[in-house]
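Colleague: Sharing a structure here in structure tokens format.
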Amino acid sequence: MDLFSKCFDFTRADEIKALGVYPYFRAIQENEGPIVQIEGKKIIMAGSNNYLGLTAHPKVVEAAIKAVEKYGTGCSGSRYLTGTLDLHIELEERLAKFFKAESVLLFSTGYQTAQGVIPTLVGRNEYIISDKDNHACIIAGNLMAKGAMGNFVRYKHNDMDDLERVIEKVPKDAAKLIVSDGVFSTGGEIVDLPRLNEVAKRFNARIMIDDAHSVGVIGKGGRGTASEFNLEKEIDLTMGTFSKTFGSLGGFVAGPERVINFIKHYSLALIFSASPTPASVATALAALDILEQEPERVQKLISNASYMRENLKKKGFNVIEGRTAIVPVIVGNDELAFKMWRFLYDSGVFVNVFISPGVPEGRQMMRTSYMATHKKEHLDEILHLFEKAGKSIGLI
Ligand SMILES: Cc1ncc(COP(=O)(O)O)c(C=O)c1O
């Protein structure tokens, strides 16, 4: 059997392309935040994770340019060796203060952060207890830990009774890490952190929260999930990304100094990969300045998302409830999802389409997400186009 035969047999994407409804890998030619240009046409972006709209902020752009002028375009080495700039250390210290953590360590992406933290901490005869709907990077980290003889068990999505049932079966004396997204990336729900923390303490487990979609969105001044529930002292490790609120690229983990020090010296994803570029780090630093100085941006983001959630519901759409920047509209099957996406795209709004098996059958959705920089006219236009699209495909 040829290794590549599955590649030659994979035709689903070509079939969808032939129908003219393929929504992926669309090239953006210009990006101002709420408005982007694709195929020469201006279109409203309602699918980005650029939550505070900072990718085009003049101070952020200027910081990136100045960093390139001063440090060049890349670090050409890992943090361990030649890739540490004073900028990396400054950002780590600033983030530690922001999250009230003892220490922070940067990684080159959020994905790499999970892969770099989980298998470094969890090994032979130790256990990861993971939400079933955690992000793919956590699953990748869990599988790497499993490959190193660690154990990986899952509980039902955000179901703390099930977490308790699962953890009860783990040997009492085994070291344990409970891992969960803070805000789940598909449905936008917030983890039930008070109960998760209570179970963790009762079973002597450590907690790691992935705050990729929480920073800049929930918590005091956008400080994320632990802050949202006043549980900063209880959460052992918080990881996150610079690819969303921070308008950049890179990841981080915040936690106790001795643990971060250990990760720093044992994490393969850190030691054997080049450090974040000067422009990426300077961008994240400038974005952090803005987040600290203008917390009203977080309020604006949440009020924009709430406005959309309420009004999409009023128009008759099946919207997953929540209070984050993610507003998923359930469509219910792959064909309708592609049709609805195409209608929206042609009429001037870009959303993300989630189909099976990425989401369970019946949960196919238009995953919309909002920015602090969306104006009311953008939001009203999105609502108007959703109504037209929903009626045209018979969804509402
Ligand atoms: C929950 C979650 N964690 C981690 C990541 C990965 O972040 P990055 O884009 O920095 O690799 C993402 C990005 O989609 C995410 O949604």
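Colleague: How about the range 1-110: which strands (runs of 3 or more DSSP E) wholly inside it have at least 2 residues that are away from the ligand (no atom under 16 Å from the Cβ)?
Modeller: 28-31, 35-38, 41-45
Colleague: Going through the range 72-112 one residue at a time, which ones are without any contact (Cβ under 8 Å) to a residue 24 or more places away in the chain and closer than 14 Å to Ser267 by Cα?
Modeller: Answer for the range 72-112, where residues must be without any contact (Cβ under 8 Å) to a residue 24 or more places away in the chain and closer than 14 Å to Ser267 by Cα: just Leu81.
Colleague: Can you pull out the residues in the range 248-260 that are open to solvent by 10 Å² or more (accessible area, probe 1.4 Å) and near the ligand (Cβ under 8 Å from one of its atoms)?
Modeller: Listed by number, the list holds a single entry, Leu249.
Colleague: Within the range 271-281, which residues are part of a helix (DSSP H, G or I) and open to solvent by 10 Å² or more (accessible area, probe 1.4 Å)?
Modeller: Passing the criteria: Ile271, Ala279, Ser280.
Colleague: Looking at the range 219-247, which of its residues are assigned to a loop (DSSP other than H, G, I, E, B), touching a strand residue (DSSP E or B) at 6+ places or on another chain (Cβ under 9 Å) and within 16 Å of the ligand (Cβ to nearest atom)?
Modeller: Those that are assigned to a loop (DSSP other than H, G, I, E, B), touching a strand residue (DSSP E or B) at 6+ places or on another chain (Cβ under 9 Å) and within 16 Å of the ligand (Cβ to nearest atom): Gly224, Ile235, Phe242, Ser243, Lys244, Thr245, Phe246.
Colleague: Return yes or no: is Ala205 touching a residue at least 24 places away in the same chain (Cβ under 8 Å), of a type outside the set (Val, Ile, Thr), more than 16 Å from the ligand (Cβ to nearest atom) and in the same structural domain as Val122 (by TED's automatic domain parsing)?
Modeller: Taking the combined requirement at face value, the residue satisfies it.
A quick yes/no check of all residues on (1) on the phi > 0 side of the Ramachandran plot; (2) among the aromatic types (Phe, Trp, Tyr); (3) surrounded by fewer than 24 Cβ atoms within 10 Å (Cβ to Cβ):
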| residue | (1), (2), (3) |
| --- | --- |
| Gly116 | no, no, no |
| Gly123 | no, no, yes |
| Tyr127 | no, yes, yes |
| Asn134 | no, no, yes |
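Colleague: Okay, next question. Let me confirm something: among Ala282, Ala305, which residue is more than 15 Å from the ligand (Cβ to nearest atom) and not assigned by TED's automatic domain parsing to the domain that holds Arg195?
Modeller: Every option except Ala305 fails the conditions.
Colleague: While we're on this one: Just one of the numbered conditions (1) buried (at least 19 other Cβ atoms within 10 Å of the Cβ); (2) assigned to a helix (DSSP H, G or I); (3) not hydrophobic (A, V, I, L, M, F, W, C) is not true of Lys264; which one?
Modeller: (1)
The values are calculated or read from the model by the stated rules, or taken from the named source; none is laboratory data. None of the values given here were measured: they were computed from a predicted structure. Cβ sites come from the backbone with ideal geometry, for glycine too, and all protein chains shown count toward neighbours. All accessible areas refer to the heavy atoms of the entire protein, side chains included, with ligands and DNA or RNA removed. Shrake-Rupley method; radii C 1.70, N 1.55, O 1.52, S 1.80 Å.
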